[in-house]
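The values are calculated or read from the model by the stated rules, or taken from the named source; none is laboratory data. Quick caveat: nothing in here was measured; it's all calculated off a predicted structure. Please note: Cβ atoms are built from the backbone with ideal geometry, for glycine as well, and neighbour counts cover all protein chains shown.
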Amino acid sequence: MESKIKLLIVEDEEPIRQGLVDVFTFHGYEVDAVDNGTDGLERAESGAFDLIVLDVMLPGMDGFSICNAIRSKSRDQLVIMLTAKTSEEDIITGLKLGADDYVAKPFSVQELVLRVQAVLRRSKKLETRDSELIVGNGIKIDTRNLIGTDSAGSEIPFTRREVDLLSYLWANRERPVTRDELLAEVWGYKRGAHIETRTVDIHIAKLRRKIEDNPKEPSYLVTIRGEGYKLLPPVGDQ
Ligand code: CA
């Protein structure tokens, strides 16, 4: 018997919140919902939820601060942020803070349901992956605990999405992988969907800061002009 997937909805607009509770309950999820940031963080910190749908503009505490607080304690808590459609800033801030995905307002409920399903599916897929990945200048990543250790023994935290992205590039290291393919295979978006490819670029930039000696001139996570990204093996392993 599988237990129900537990969702937390943090959204202050009553009609949206209630609509989401109804729809996700209908889809078989166990749903809890709160209407302000303070309660949102408190519930989120219980660690009882498989995934948190988090609005940005909230009374009490905003969604970015909540996401940041969640991430500082748990890198594998799944979070989808509800951002303002017109705000590129919001999207980028959300992704930088480690949200697993975002949906821009106004959104269709169906779209959000699909995103939630995709994020959950992807995190499940990760559980079955190799438990260790070696990247960059010999950084060993424990893909279950999301901790990297460099050759000097320092620990580098990774997010689930970053590890997933590296794992996919590594599994396909004989060729460059396009942004569209990464959006489809790592993010779970439908191919050809009009999703901003900068989502991929933001994550690549973050990864380069973690695994490259010189992130501005990457030697491991390289761009193949006009084709996409390629992950080269650590030196000595080539
Ligand atoms: Ca709001």
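None of Glu11, Glu30 is surrounded by fewer than 17 Cβ atoms within 10 Å (Cβ to Cβ) and in the same structural domain as Gln77 (by TED's automatic domain parsing) except Glu30.
All of Leu169, Leu183 fail the test of being at pLDDT 90 or above, outside any loop (DSSP other than H, G, I, E, B) and not β-branched (Val, Ile, Thr), apart from Leu169.
Taking the criterion of being touching a residue at least 24 places away in the same chain (Cβ under 8 Å), within 13 Å of the ligand (Cβ to nearest atom) and among the polar types (S, T, N, Q), would at least one residue in the stretch 75-88 satisfy it? Scanning the stretch 75-88 turns up at least one residue that is touching a residue at least 24 places away in the same chain (Cβ under 8 Å), within 13 Å of the ligand (Cβ to nearest atom) and among the polar types (S, T, N, Q). Taking the criterion of being assigned to a helix (DSSP H, G or I) and more than 16 Å from the ligand (Cβ to nearest atom), no residue of the stretch 1-16 qualifies. Within the stretch 138-155, being in contact with a helix residue (DSSP H, G or I) (Cβ under 8 Å, 6 or more places away or on another chain) and surrounded by fewer than 16 Cβ atoms within 10 Å (Cβ to Cβ) holds for one residue alone: Arg144. Every condition in (1) in contact with a strand residue (DSSP E or B) (Cβ under 7 Å, 6 or more places away or on another chain); (2) in the same structural domain as Gly226 (by TED's automatic domain parsing); (3) touching a residue at least 40 places away in the same chain (Cβ under 8 Å) is met by Leu182 except one, and the failing one is (1). Read through the list (1) away from the ligand (no atom under 16 Å from the Cβ); (2) touching a Gly at 6+ places or on another chain (Cβ under 9 Å), then give the number of the only condition that Glu111 fails. In the conditions (1) away from the ligand (no atom under 16 Å from the Cβ); (2) touching a Gly at 6+ places or on another chain (Cβ under 9 Å), Glu111 misses (2) alone. Could you list, in sequence order, the residues of the stretch 193-229 that are at pLDDT below 90 and under 24 Å from Lys124 (Cα atoms)? Scanning the stretch 193-229 gives Ala193, Ile195, Thr197, Thr199.
Among the residues of the stretch 54-73, some residue qualifies, meaning at least one is more than 19 Å from Asp32 (Cα to Cα), more than 16 Å from the ligand (Cβ to nearest atom) and either touching a Pro at 6+ places or on another chain (Cβ under 9 Å) or in contact (Cβ under 8 Å) with a residue 60 or more places away in the chain (or both). Of the residues making up the stretch 81-95, none is small (Gly, Ala, Ser), within 18 Å of Lys6 (Cα to Cα) and under 15 Å from the mean Cα position of the chain (by Cα). Restricting attention to the stretch 63-92, the residues that are of a type in the set (Ser, Thr, Tyr), within 15 Å of Thr159 (Cβ to Cβ) and not in a loop (DSSP other than H, G, I, E, B) add up to 1.
Total residues in the stretch 17-43 satisfying the condition of being without any contact (Cβ under 8 Å) to a residue 60 or more places away in the chain, outside any loop (DSSP other than H, G, I, E, B) and within 16 Å of the ligand (Cβ to nearest atom): the figure is 10.
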